[in-house]
Amino acid sequence: MPLGAVLYESGSQLPYVYFPTTAIVSLLYVMEDGASAEIAVVGREGIIGISLFMGGISTPARSVVQSSGQGFRLKAGLMMQEFNRAGPVLHLLLRYTQALITQMAQTAACNRHHTLDQQLCRWLLLSLDRLESDQLVMTQELIANMLGVRREGVTEAAGQLQKAGLIRYRRGHITVLDRDGLEQRTCECYAVVKREYDRLLPPTPAT
């Protein structure tokens, strides 16, 4: 899953569902004028293509790889066969969908009521939860597209976080230096989303 790869375009049918393992995928809503805004991020905890088993054969969102990595894909027909067995997979997918809807709703509220500084902290923390390192490869232009803001606003917000010693930003690489500091600086939206994911999708105990 290379950086910037488009898995689905808005309105496209779903021949596959995707399970990122080390990659992160952004779900974006795209306006008629080409402007876009991120509504959710999906990583190793989730699946791309929930529209398939929620009753539709197409998706209203564009799915773009935000952080390059690996993943699995499964033919849509096989996914539906397993879903229709009405067994453990169905219940797991429905719990995941509820968690994803919570993230989408909280993102909408956050974008409306909280500062760009807080939104950027939330976005960084959600991304970190889906990575095995504290580094992200991400240009300011791409971040601006994700958050639906001007690039200058991202430059200023990232500069403030760097000045506070929370991140280091250099040539499209973001290194998080102080995760606790980001959590203290962000709004309540990150904690709301994380609690819901932890409640609905608790880690599997090691055997």
Within segment 179-198, restricting attention to residues that are free of Cβ contacts under 8 Å to residues at least 12 places away in the same chain, assigned to a helix (DSSP H, G or I) and of a type outside the set (A, V, I, L, M, F, W, C), which residue is surrounded by the fewest Cβ atoms within 10 Å (Cβ to Cβ)?
180
Can you tell me which residue is modelled with the lowest pLDDT among those in segment 54-74 that are of a type in the set (A, V, I, L, M) and under 17 Å from the mean Cα position of the chain (by Cα)?
61
Count of residues meeting criterion [surrounded by fewer than 21 Cβ atoms within 10 Å (Cβ to Cβ) and in contact with a Lys or Arg (Cβ under 7 Å, 6 or more places away or on another chain)] in segment 1-14
3
How about segment 53-72: which of its residues are in a loop (DSSP other than H, G, I, E, B) and touching a Gly at 6+ places or on another chain (Cβ under 8 Å)?
59, 60
Out of 131, 142, 136, I need the residue that is surrounded by 18 or more Cβ atoms within 10 Å (Cβ to Cβ), touching a strand residue (DSSP E or B) at 6+ places or on another chain (Cβ under 7 Å), over 13 Å from residue 189 (Cβ atoms) and aliphatic (A, V, I, L, M). Which one?
136
Flag for residue 112 being under 24 Å from residue 1 (Cα atoms) and among the basic types (Lys, Arg)
no
Within segment 75-178, strands (runs of 3 or more DSSP E) holding 1 or more residues that are within 15 Å of the chain's Cα centre (by Cα)
135-137
Taking segment 15-35, which residues are at pLDDT below 90 and either within 22 Å of residue 93 (Cβ to Cβ) or assigned to a strand (DSSP E or B) (or both)?
29, 30
Number of positions in segment 36-53 that are within 21 Å of residue 144 (Cα to Cα) and at pLDDT 90 or above
5
Checking residue 89 against (1) touching a helix residue (DSSP H, G or I) at 6+ places or on another chain (Cβ under 8 Å); (2) in contact (Cβ under 8 Å) with a residue 40 or more places away in the chain; (3) among the β-branched types (Val, Ile, Thr), which single condition isn't satisfied?
(2)
Which condition number in (1) in contact with a strand residue (DSSP E or B) (Cβ under 9 Å, 6 or more places away or on another chain); (2) more than 30 Å from residue 185 (Cα to Cα) is the one that residue 100 fails?
(2)
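The values are calculated or read from the model by the stated rules, or taken from the named source; none is laboratory data. Predicted model, so just to flag it, every value in this text is computed and none were measured. As a convention, Cβ positions derive from the backbone with ideal geometry for all residues, glycine included, and neighbour counts pool all protein chains shown.
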